[in-house]
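Asker: What follows is a structure written as structure tokens; I'll ask about it next.
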Amino acid sequence: MNAHTHDRRSFLRGTGRTVLACGCAVGGLALPLASAHAAQTCTAQTAASQKALSPQDALTYLKEGNARFAAGKPMVCNPTPQVAATANGQHPFAAIVSCIDSRAPANLIFDQSIGDIFEPRIAGNFVNDDMIGSLEFACAAAGSKVLMVVGHSECGAVKGACDDVVLGNLTQTLANIKPAVAAVQGFDSDRTSANAAFVQAVAEKNVELTLARIRQRSGILAGLEKKGDLIITGGMYDVATGKVAFAA
Ligand SMILES: [Zn+2]
């Protein structure tokens, strides 16, 4: 039943990248992340603060935010002042594609508030042209510095795709996840939602394919990444621990 424990390692291994561990497990606010940026505060992002933030700093904000969340030490910002501060304009530093799952709201799991992140959500955290258009707005027009695709453990949409669930319009929604199901090799004894390891592998592959699709389908976003103005990366959220495993 518990397939959570392996997911961070396997997801990161799957990316084939070198990873700077965020130190989330040590809990607390002092994270061993070398960065020149100032720690995030409850002050809403402004045009100046957004401009001053590097893509790596923006990613660090997300790592530190998830570490705070997972450690039970969120900033607990009163969002009302941020409503006033952003009334005439927003300058979010990140765009996060995530699932609709009620256990994985990006604002909460990254400990962010009003005006901090764009949060396009869809069952199974895939992207289509409309989602990509939204991301182009977030990053190319509104200046976000990091674009993350975040899958999660125990994903019902992924399980539905594994089981070929048929239900009204959801059938077509789940078709977007089928390429990840097909791309995961092995697990021949059980390729259904009953196999937790298979479900997790498909969820991780789905993040990987979604990232590839973003780069393939958006010259704008791929161009920003190439210029070093945007980090495009993935992650897996563990609904049991509250921790995000970052691919970069
Ligand atoms: Zn889900």
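Asker: Of all residues in the range 93-151, count the ones that are assigned to a loop (DSSP other than H, G, I, E, B) and within 22 Å of residue 54 (Cβ to Cβ). Before the answer, list the steps.
Answerer: Within the range 93-151, the first condition is being assigned to a loop (DSSP other than H, G, I, E, B), and the residues that meet it are 93, 99-105, 110-116, 119-120, 122-128, 142-145.
Imposing the further condition that a residue be within 22 Å of residue 54 (Cβ to Cβ) reduces the set to 93, 110-113, 115-116, 119, 142-145.
Qualifying residue count for the region: 12.
Asker: So, of the residues in the range 122-155 that are in contact with a Ser or Thr (Cβ under 8 Å, 6 or more places away or on another chain) and more than 16 Å from the ligand (Cβ to nearest atom), which turns out to be farthest from residue 57 (Cα to Cα)?
Answerer: It comes out as 132.
Asker: Let me ask something additional. Confirm whether residue 145 is within 13 Å of the chain's Cα centre (by Cα), charged (D, E, K, R), modelled with pLDDT of 95 or more and within 28 Å of residue 223 (Cα to Cα).
Answerer: Numbers: within 13 Å of the chain's Cα centre (by Cα): no; charged (D, E, K, R): yes; modelled with pLDDT of 95 or more: yes; within 28 Å of residue 223 (Cα to Cα): yes.
Considered against the rule, which asks whether it is within 13 Å of the chain's Cα centre (by Cα), charged (D, E, K, R), modelled with pLDDT of 95 or more and within 28 Å of residue 223 (Cα to Cα), residue 145 comes out as no.
Asker: Here is a further query. Filter the range 39-60 down to residues that are without any contact (Cβ under 8 Å) to a residue 60 or more places away in the chain, under 21 Å from the mean Cα position of the chain (by Cα) and surrounded by 15 or more Cβ atoms within 10 Å (Cβ to Cβ), then give me how many there are.
Answerer: Result for the range 39-60: 2.
Asker: Specify the residue that is surrounded by the fewest Cβ atoms within 10 Å (Cβ to Cβ); the eligible residues are those in the range 105-138 that are more than 21 Å from residue 41 (Cα to Cα) and touching a strand residue (DSSP E or B) at 6+ places or on another chain (Cβ under 6 Å). Walk me through it before giving the result.
Answerer: Step one: list which residues in the range 105-138 are more than 21 Å from residue 41 (Cα to Cα), which gives 120-138.
Filter once more, so that each one left must be touching a strand residue (DSSP E or B) at 6+ places or on another chain (Cβ under 6 Å): 120-121, 125, 135, 138.
Values: 120: 20, 121: 16, 125: 31, 135: 26, 138: 24.
Filtering first and then ranking leaves 121.
Asker: Now for a separate question. Restricting to the range 89-121, what's the tally of residues that are closer than 13 Å to residue 69 by Cα, within 14 Å of the ligand (Cβ to nearest atom) and in contact with a helix residue (DSSP H, G or I) (Cβ under 8 Å, 6 or more places away or on another chain)?
Answerer: Number of matching residues: 1.
Asker: Test of understanding: among 194, 182, 141, which residue is within 18 Å of residue 231 (Cβ to Cβ) and without any contact (Cβ under 8 Å) to a residue 12 or more places away in the chain?
Answerer: Numbers: 194 fails: within 18 Å of residue 231 (Cβ to Cβ); 182 fails: within 18 Å of residue 231 (Cβ to Cβ).
Just one listed residue meets the conditions, 141.
Asker: Please enumerate the residues belonging to the range 197-238 that are within 14 Å of the ligand (Cβ to nearest atom) and either over 19 Å from the mean Cα position of the chain (by Cα) or more than 19 Å from residue 163 (Cβ to Cβ) (or both).
Answerer: Scanning the range 197-238 gives 207, 210, 235, 236, 237, 238.
Asker: Inside the range 157-177, can you point out the residues that are surrounded by fewer than 16 Cβ atoms within 10 Å (Cβ to Cβ), part of a helix (DSSP H, G or I) and within 16 Å of the ligand (Cβ to nearest atom)? Working first, answer last.
Answerer: We begin by selecting, within the range 157-177, every residue surrounded by fewer than 16 Cβ atoms within 10 Å (Cβ to Cβ); these are 163-172, 175.
Among the residues that remain, those that are also part of a helix (DSSP H, G or I) are: 170-172, 175.
Correct list: 170, 175.
Asker: On to the next question. Which one of 207, 202, 150 is crowded, with 21+ Cβ neighbours inside 10 Å and out of contact with any Gly (no Cβ under 8 Å at 6 or more places or on another chain)?
Answerer: Working: 207 fails: out of contact with any Gly (no Cβ under 8 Å at 6 or more places or on another chain); 150 fails: out of contact with any Gly (no Cβ under 8 Å at 6 or more places or on another chain).
Matching residue, one of 207, 202, 150: 202.
The values are calculated or read from the model by the stated rules, or taken from the named source; none is laboratory data. Because the structure is a prediction, the values reported are computed rather than measured. Counting neighbours? That spans all protein chains shown, and the Cβs are built from the backbone with ideal geometry, glycine included.
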